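Here's the structure, in structure tokens; my notes come after.
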Amino acid sequence: MTSHLLKVPDMSCSHCEARVTAILEEMKVPRFSVNLSEKTVTVETDDLKRVIDALDDGGYEAEEI
């Protein structure tokens, strides 16, 4: 698995943080961390497109930085 750092600019409150966490948990991403103050998410995955698409579908545009 590869670690990726994503920027999620629309993640602005604790509700957003909880929703992003729920999306990643639903996807069964084995390791991830959400940093609300930096508006970033670190994920370990071999299918980054799937993660980005799921976040986008959940209303949180994400891009690798």
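Ignoring ligands, DNA and RNA, please state the percent of accessible area on the chain from carbon and sulfur, probe 1.4 Å.
Details: 1790 of 3940 Å².
The nonpolar share, carbon plus sulfur, comes to 46 percent.
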Please report, in debye to the nearest 20, how large the charge dipole of the chain is about its Cα centre when each Lys and Arg carries +1 at its beta carbon and each Asp and Glu carries -1 there.
160 debye
Relative to the first principal axis of the alpha-carbon coordinates of the chain, what is the inclination of helix 14-26, with its axis defined by its Cα atoms, in degrees from 0 to 90 and to the nearest 10?
20 degrees
Counting only heavy atoms of protein chains, what accessible area per residue, in Å², does the chain have with a probe of 1.4 Å?
61 Å²
If R0 is 30 Å, what FRET efficiency do you get for Asp10 and Asp46 from their C-beta distance, rounded to 0.05?
0.75
Note: the chain, point scatterers on Cα, Debye, no solvent; log10 I/I(0) at q = 0.17, 0.25, 0.27 Å⁻¹ equals -0.46, -1.09, -1.31
Which of Lys28, Lys39, Lys49 moves most in a GNM of the chain, Cα contacts under 10 Å?
Lys28
If I fit a long axis through the Cα atoms of helix 48-57 and take the longest principal axis of the Cα atoms of the chain, what angle between them do I get, 0 to 90°, rounded to 10?
30 degrees
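The values are calculated or read from the model by the stated rules, or taken from the named source; none is laboratory data. Bear in mind the structure is a predicted one, so any value in this text is a computation, not a measurement. Note: ideal-geometry Cβ built from the backbone for every residue, glycine included; neighbour counts use all protein chains shown. Just the protein is used for accessible areas: all its heavy atoms, side chains included, with ligands, DNA and RNA removed. Shrake-Rupley method; radii C 1.70, N 1.55, O 1.52, S 1.80 Å.
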